[in-house]
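Report on the following structure.
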Amino acid sequence: MKKIGLTGGIAAGKSTVSAHWQQAGAVVIESDLLAHRAYEPNTATYAEVVEVFGQEVLNPDQTINRRTLGEIVFADDQKRLALNRVVHPAVRVMWTEQLEQLERAGQTAVAVAAIPLLYEVGAESQFDWVVAVGCSEQTQLARLAAKGMTAAHAQARIRSQWPLQMKMDRADFVIWNDGQLEWLHQQAGVIWEKIKESSHAPSKS
């Protein structure tokens, strides 16, 4: 089984690429969805988040208000790092287990794990190929604004990740998503075919 790590900047288009590859036959693991599971009540991660950040991050039904939590951590680097130390290890265990299960089952030729902070958590060695999706910061800000995010919050989100250029420089393939959607699909298709046809992954040394 070939394993692709999909990463890139916020609002760059990772979900669109993963959906394209899913239609082409890949099994896709979305680390953001796994993070949602990590926040569910009665999990160890939930308990740690409440212990660190207090009752103010809870909704009336005692679920974690992720918007409130995000506003807190993206306004304070130390709090963001504290949250990362709680959540990232739990999410990494989940997607690692899913990849191992898929490999044991032998039912898919390609698995894609979409991990926004793949390089930040040092996970690139777990994948045969890393693909980074990028766009200009102006485009990121416009897309985040369209989702209702303030300019200050959007900037904080962007700054919380590695510079996009660093990710693109380290990736095996880059998809540039600053134009028409058709162009993104064309790039995703070319990369998909290259990986499918390749007999071995590039050296990670």
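Any read-out appearing in this document is the output of simple, stated calculations on the displayed coordinates, not a laboratory observation. On a predicted model such as this, the values are computed, not experimentally measured, just so you know. With ideal geometry, Cβ positions are generated from the backbone for all residues, glycine too; neighbour counts draw on all protein chains shown.
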Fill in the blank from the handout: Screening ALA12, ALA113, ALA24, ALA38 for residues that are within 25 Å of ASN177 (Cβ to Cβ), out of contact with any Lys or Arg (no Cβ under 8 Å at 6 or more places or on another chain), buried (at least 18 other Cβ atoms within 10 Å of the Cβ) and in contact (Cβ under 8 Å) with a residue 12 or more places away in the chain leaves only ALA12
Completion exercise
Subset of region 158-183, residues surrounded by fewer than 17 Cβ atoms within 10 Å (Cβ to Cβ) and basic (Lys, Arg), comes to ARG159, ARG170
Exercise for the section: Could you look through region 160-201, keep only residues that are of a type outside the set (D, E, K, R), assigned to a loop (DSSP other than H, G, I, E, B) and touching a strand residue (DSSP E or B) at 6+ places or on another chain (Cβ under 7 Å), and pick out the one that is nearest to ALA114 (Cα to Cα)? Expected result: ALA171
Practice task
Please verify whether region 158-173 includes one or more residues that are of a type in the set (Lys, Arg), in contact (Cβ under 8 Å) with a residue 60 or more places away in the chain and on the phi < 0 side of the Ramachandran plot.
Solution key: yes
Practice task
Scan LEU102, LEU81, LEU6 and give me the residue that is surrounded by 15 or more Cβ atoms within 10 Å (Cβ to Cβ) and assigned to a helix (DSSP H, G or I).
Solution key: LEU102
